[in-house]
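The values are calculated or read from the model by the stated rules, or taken from the named source; none is laboratory data. Note that the coordinates shown come from a computational prediction; the quantities given were computed from them, not determined experimentally. Note that each Cβ is placed from the backbone with ideal geometry, even for glycine, and that neighbours are counted across all protein chains shown.
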Amino acid sequence: MSFESFEDAFLFYKKEANTKVQDGDRKTSKTSKRDGCKAMVCAREARGGGRVFFTRIVFEHNHKLNPTPSMTKCMRAHKVEDPSVMNLVDTMHASQVPHPNVMRVLRSVAGGVENLHLTERDVQNRRAAHVREERMDDIPKLLAFFRECKANNPQFFYEFQLDDKNVVKNVFWSHASQQGDYGDYSSVVTFDTTYRTNQYSMPLAMFVGFNNKLQNVFGQALLRDERADTFEWLFKQFRACMGGKDPITYHRYCRWHVTDKFRNELNQLNTQHPRLSETLTSIINHPLRPIEFEQAWAAMLDKYEVHESKVLMKLYDERNMWVGAYFKEIFCGTMTSTQRSESVNSTVKHGYCDNSTAIHEFAKSFLELSAHNKEKEAEEEFNSQAPVIASTFYGYDNQLSRVYSRAVYKVFVSRLKSSTAFRVRPDPDKAGYYLVKHTRPPTDFPWLCHEFWVKAVVNEEIPEESEFNCECMRIEHTGMFCPHLLCVLTNLQVAHIPSRYIPKRYTRNAREATPFDRHDKVYVGPSGDTKASRMLELLPDCMLLTLSYINGLMISYILLDYWQGVAKCKELLRQALQVVDQIPHDLGPPNAALGVAHDLDPPAAASRVPAGQNHVVSASAPQSLAQKGAVQRGWRVLISRPHTSKDRKEKNCKRCCKRCNKSGHNITTCGREAPPPKRPRGRPVGSGTRKRKGSYESDDTQDDLASEMEDDETE
């Protein structure tokens, strides 16, 4: 029996060994290190080159063979790493698919766990190797990704700040689509930081707003610290990125951060006074006017007798900065706190990255998140082309159903439904004023206001001059109608809403044209990517052929014999692989599929190159940072605990040979002769369990002691 190469001979040996359920490993001149098994196969190449043939075969084993295939696949020689399967595994790992789901997919593809030639440990090792590979040269990979984004769209902006060693300290970037959205929806922006999004524990800072689909992100940054100079640098870069357009800023405190700052003190109060925390939460969230908040606060102090609490005094003294009832006149849209930022943070953490993600992978994941949001927006715009059926026959409802976006109109419908719980009574003394009262006021909070004065002056001749206002000021605060005002509009049968009460950001035509291309990627070919376009071209036919082979639906007129047909199909696939490798890449013109041209002039594009890009950036990784506060582990509190391997003290853990103490080999491959065996540790056999001191000394030592004792007696 002969073969074309040694590899073919070894593959045949492994296949036969797998049927015999034995380990088909390559043997050296030495016998087995475990039990001295003589089973072997020797192969030799013919003289003058050519085919390979077996010269010696030994079948006898001196040990028990592994009985089941599930044990055989644990042997290294029988583990088959199919490139297509490994590519699928790498794709799932890059997509943050959990390990149990990866194994479930592999078992399904292989047709059962018995047909899978990989163990769970092999897949876990593959993931670990992928993580190690991605962590290598993290900063150069990040800069290469930014340069690629800059080449795809010159409007892409990135800037980094270096320390005294030219190591990246802070980095900020914003895509063209985010800058375009900022130009349309910059009236409301929140800023927040979060943690545990990358392997260096660098805080993620995000500028978050919302569009007519009620979600958006304007820019993001990774910071080394949260000092004032760091934030100053970040805000300057954000302003430069957005063309010098500053958002209208109102300094207010986030409610969650205010209460979280005094968490321990509030927990102690709640322990002493049960249900205090629930009452405090309702007082913070429910009041619509300052007078309601003050009445509710006084009632809480009287009920629980906590007038002397210093924590509650501090919270009450700064109520103007964090209680929503005190800044209702400020337009905040639907963002009265950083809750929307925290929602984006949760999406990033649970779907795109974790605390072991490299920075360049994190930046790519953020681009994927942006592309996912744009895909949802495109679907929403497509659905918005069809007219929305109004929920009622009211004139203003019909108007708003045609103006509002679908997402905003859903919120409006819920408010309109809530308005049916109120009744209207006109003020006999003032024309145009109405008292709106709840029909069934809840009894949980007696301080809660159930009556609101609404001003509604309707001009039927000039509808644009009509005037509407409510005491709750929700329309000034969020830009959307409150149930109280909708109840009055329904009672007055208003047919038209003035345009000044409909913010443009909530309409379908909120987006304006920009002098640059909003797309973040270069669209090449049908799918925008060479690798993806090749897969889309070849995958359907390959899957059809594979499914036909699996289901036994091979075309009968090709070959009558089934196995000959299978062999010919395999040969055709091998030939197809050779042809595919020779196909050149489909580069194509940029944005050819969309027909979008860059309107940005070359001088303007060149002027947007950040100054920091001209500096020499060190390839060293950023410094790993400990998170804020203490880390809980059981009942112990570990402060300043290192979170990554780089945070710990560096150890010299180079592996060396135990015989010669040199690196590069181990004791089995060491060329130095083994030293003679040492005397075994412990007492000699038969020496007893307990002896007096000196009983194991040598005979010469005992003779010396005896002579010394004789000298002492003589003296």
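Just give me the residues in the stretch 382-406 being in a helix (DSSP H, G or I) and under 12 Å from M480 (Cβ atoms), in sequence order. Steps first, please.
Start the filter on the stretch 382-406 by keeping residues that are in a helix (DSSP H, G or I), which leaves 382-384, 395-403, 406.
The one that is in a helix (DSSP H, G or I) and under 12 Å from M480 (Cβ atoms): L400.
Look at V411 and say whether it is among the hydrophobic types (A, V, I, L, M, F, W, C) and out of contact with any Cys (no Cβ under 7 Å at 6 or more places or on another chain). Don't jump to the end; show me each part of the working.
Working: among the hydrophobic types (A, V, I, L, M, F, W, C): yes; out of contact with any Cys (no Cβ under 7 Å at 6 or more places or on another chain): yes.
Yes: the conditions hold for V411.
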Checklist entry - When residues of the stretch 4-56 are filtered for being within 26 Å of N115 (Cβ to Cβ), of a type outside the set (A, V, I, L, M), modelled with pLDDT of 75 or more and surrounded by 13 or more Cβ atoms within 10 Å (Cβ to Cβ), how many remain? => result 3
Next on the checklist: Six or more apart or on different chains, Cβ atoms under 9 Å: show the pairs whose first residue is in the stretch 151-165 and outside the structural domain of W233 (by TED's automatic domain parsing) and whose second is surrounded by fewer than 23 Cβ atoms within 10 Å (Cβ to Cβ) and modelled with pLDDT under 90.
Outcome noted: none
Item to check | Enumeration of residues in the stretch 236-257 that are part of a helix (DSSP H, G or I) and crowded, with 16+ Cβ neighbours inside 10 Å | outcome: Q237, F238, C241, R255
Checklist outcome for this item: Among Y501, Y523, Y506, the single one that is within 29 Å of C332 (Cβ to Cβ), aromatic (F, W, Y) and at pLDDT below 90 is Y506
Item to check | the stretch 444-489, subset modelled with pLDDT of 90 or more and small (G, A, S), residue farthest from Y326 (Cα to Cα) | outcome: S466
Checklist entry - Is it the case that the stretch 332-348 has a residue that's farther than 21 Å from D260 by Cβ and modelled with pLDDT of 70 or more? => result yes
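If you check R406, R423, which single one turns out to be farther than 15 Å from T490 by Cβ and in contact (Cβ under 8 Å) with a residue 24 or more places away in the chain?
Details: R423 fails: farther than 15 Å from T490 by Cβ.
None of the other options fit; the residue is R406.
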Checklist outcome for this item: Result of the Cβ filter at 6 Å on the stretch 36-60, keeping first residues that are in the same structural domain as L11 (by TED's automatic domain parsing) and in a loop (DSSP other than H, G, I, E, B) and partners that are basic (K, R) and at pLDDT below 80, at least 6 apart or interchain, is none
Checklist entry - Taking strands (runs of 3 or more DSSP E) that do not extend beyond the stretch 132-203, which have at least 3 residues that are of a type in the set (F, W, Y) and modelled with pLDDT under 80? => result none
Checklist outcome for this item: Note: among V123, V113, V102, just one is under 19 Å from the mean Cα position of the chain (by Cα) and either surrounded by 12 or more Cβ atoms within 10 Å (Cβ to Cβ) or outside the structural domain of Q237 (by TED's automatic domain parsing) (or both), namely V102
